[in-house]
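Quick notes on the structure that follows.
Every number here is computed from the coordinates shown, using simple stated rules; none is lab data. The shown structure was predicted, so the numbers you read here are calculated from the model rather than taken from an experiment. Glycine gets a Cβ as well: all are built from the backbone with ideal geometry, and neighbour counts include every protein chain shown.
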Amino acid sequence: MKIVCAYSGGLDTSVLLQWLKETYDAEVIAFCANVGQEEELDGLEKKALSTGAAKCFVDDLQEEFARDFIFPMFRAGALYEGQYFLGTSIARPLIAKRMVEIARAEGAKAVAHGATGKGNDQVRFELAAAALAPELEVIAPWRQERFREKFPGRAEMIAYAETHGIPVPVTAKKSYSMDRNLLHISYESGILEDTWFDASDEENKDMFRLSVSPEDAPDAAARVTLHFEKGNCVGIEGDGVAAVLAELGHKGDGKKLGPLAVMKALNKLGGKHGIGRVDMVENRFVGMKSRGVYETPGGAILHFAHRQMESLTMDREAMHLRDSLIPQYSTMVYNGFWFAPERYALQALVEETQRNVTGEVRVKLYKGNVIAAGRRSPLSLYNPHMATMEADPTQAYNQSDATGFIRLNALRLKVAAAVDGSSQAH
């Protein structure tokens, strides 16, 4: 039997890999998706093979992640419960997609993951696998009583690792868990389970990796211009952009950038100015509330600027319709229904609304804030001559017409008041 196992190199998945091999008498193929973890990938293949994996795939999926997952989600304006940019949620379907592709190519009968039985990730992985490869078995050890009995705590995992010659990380256990990718870093559990614990306090600033605290951000604002085409950011210019692009190894200016370069550059710019920190209590799909702390510097800038571009170029009713669907779209992503028919249907509507979302948005980045500083477009629906409070040279709007407009809209209110027998508000 062959099993493809999601692998990170940490204690949990290293133990998991060996346990699968032992318990299922299986050939275990380790898989790690590079979705922007950066230093977390160092030495991973060598470690997986020494831990007992027959093979190890470490695939760079960053470009696909930015182009086919992050950007479509941001075109939809997704934001879960008004705060969460869905950084972890949107990475899981891509990881699952590549896992099942490897499983099919290698002739594996099952895929396995180390997600716990209390979180959202188990659902996201398995719904994606069900949609893309329903013939594959999914093994979730943390939902098996025999696995939980064998490993009731970290001490038992360490002992098992030492017995089986599995390298144990020498770093001290953090008092919280962390998940990093191109879009964000999330922090949860441990000390963060206390909702009164102040993660933004000065003494906790070492927790954050992508951003400085707003208090420590530069005293001067940075002005940055984002260029959009059909809802996608395709270029960045402004204060500090050239230096950031040079640091990232990008040759040329920022006028034309791919999705991956956009995300990396915005992360650097936003992080420098303390942008994109979120501390929230959210509703998990499995039924409980959880507290999460997030850093999404680039995503926060992109989300804000995209909305500014839409405000200038998008039809009112199309915008209101799309906006009414944002909570549903965001919940689909959060709950793991990326490959579901309803998400595809909503995405088709989103793409239609984005046809004219083209132009430039200028923002100021200042101590945790993204501030609108200008917007323009060759496809702008804003007409200053029509909107002016002065005489309208276009004569497109006759103020006298508003009398009938108001009278017709007031008719049902007058009828209701007559039936109620009173004009007093409830």
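Placing dummy labels 7 Å off each Cα toward the beta-carbon, the span from A318 to K367 is 3.9 nm. Annotation: aspartates and glutamates with alpha-carbon distance below 19 angstrom to K256 (same-chain offsets under eight excluded): E63, E64, D68, E229, E237, D239, E247, E360. Give the cross-link partners of K367 among the lysines, using a straight C-alpha distance below 20 Å as the criterion and excluding same-chain residues fewer than 8 apart. Excluding near neighbours in sequence, the set is K205, K264, K268, K272. Between R284 and S213, the distance separating the two model label sites (each 7 Å from Cα on the Cα→Cβ line) works out to 2.9 nm.
Can you tell me the order of 337-344, 198-205 when each peptide is scored by its average per-residue count of other Cβ atoms within 10 angstrom, highest first?
In decreasing order of mean packing, 337-344, 198-205 become 337-344, 198-205.
Taking the DSSP bridge list for the chain and keeping only pairs wholly inside it, about 70 percent are antiparallel. In region 1-154, the DSSP beta bridges split such that about 5 percent are antiparallel, to the nearest 5.
In degrees from 0 to 90, rounded to the nearest 10, what is the angle of the helix 154-163 Cα long axis to the longest principal axis of the chain? Approximately 40 degrees, to the nearest ten.
From the cross-link list K46/K174; K174/K251; K47/K118, which pairs have alpha carbons spaced over 30 Å apart? Check vs 30 Å cut-off fails for K174/K251. In plain terms, if you count all Cα to Cα distances in the chain and split them into 20 Å steps from zero, the share in each step is 22, 50, 22, 6, 0 percent.
Legend: P(r) of region 203-351 from all alpha carbon pair distances, 5 Å bins from 0, whole percents, reading 2, 8, 14, 16, 17, 17, 14, 9, 3, 0. The aspartates and glutamates within cross-link reach of K109, meaning a Cα-to-Cα straight distance under 14 Å and a gap of 8 or more places when in the same chain, are D25, E27, E101, E135, E137.
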